[in-house]
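Here's the structure we're looking at; comments come further down.
The values are calculated or read from the model by the stated rules, or taken from the named source; none is laboratory data. Keep in mind that this is a model prediction, so the values were computed, not measured. Quick reminder, even Gly has a Cβ in these numbers, built from the backbone with ideal geometry, and neighbours come from all protein chains shown. The protein model used for the area step is the full one, side chains on, heavy atoms only, and it has no ligands, DNA or RNA in it. Shrake-Rupley method; radii C 1.70, N 1.55, O 1.52, S 1.80 Å.
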Amino acid sequence: MKALLWLVLAIALVANVSTSFAFDGVQQVLISVCTGIATLGSGVALFLMREKHS
């Protein structure tokens, strides 16, 4: 599960950065929002699944 979340995080980050070069206008904004949500969601999931050391 963690490997899939890391993969989603990496792909979403790359896609989010590349949209500014590949698209313009509303299409770029919509794709950036979707990839941003995927990035934040996978990042939060990985944070919540981390091993706690105390």
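Test of the criteria: in the chain, which chymotrypsin sites (Phe, Trp or Tyr not before Pro) are in a DSSP loop and have at most 16 other Cβ atoms within 10 angstrom of their Cβ?
Those that pass, being in a loop and sparsely packed, are Phe23.
Compare Lys2, Lys52 by solvent-accessible area with a 1.4 Å probe and give them largest first, with all protein chains kept in place. Mind dumping the intermediate values first?
Working: Lys2 80, Lys52 155 Å².
Final ranking, largest accessible area leading: Lys52, Lys2.
Using a 7 Å offset from Cα along Cα-Cβ at Lys2, what residues in segment 19-54 end up with backbone N under 11 Å from the label point?
Residues 46-47, 49-52 qualify, since their backbone N sits under 11 Å from the label point.
Could you compute how much accessible surface Ser20 exposes when probed at 1.4 Å, giving the result in Å² to the nearest 10?
Solvent-accessible area, nearest 10 Å²: 70 Å².
Would you kindly state how much longer the chain becomes between Leu40 and Ala10 on full extension, computed as 0.36 nm times their sequence separation minus their alpha carbon distance, in nm to one decimal?
9.7 nm
Taking the chain as the reference, fit the longest principal axis to its C-alpha atoms, fit the long axis of helix 25-49 to the helix C-alpha atoms, and give the angle between the two in degrees, 0 to 90, nearest 10.
Rounded to the nearest ten degrees, it is 0.
If I build a Gaussian network model for the chain, linking alpha-carbon pairs within less than 10 angstrom, which residue out of Val14, Val26, Val44 has the largest mean-square fluctuation?
Val26
With a bin width of 5 angstrom, please list the P(r) values of the chain as percents of all Cα-Cα pairs, from the 0 bin to the one holding the largest distance.
Using 5 Å bins, I get a P(r) of 4, 22, 25, 18, 13, 9, 5, 2, 1, 1 for the chain.
Using R₀ = 25 Å, calculate the FRET efficiency as 1/(1 + (r/R₀)^6) where r is the Cβ-Cβ separation of Val17 and Glu51; round to 0.05. Could the numbers behind the result be given before it?
Working: r = 29 Å, r/R0 = 1.17.
The value I calculate is 0.30.
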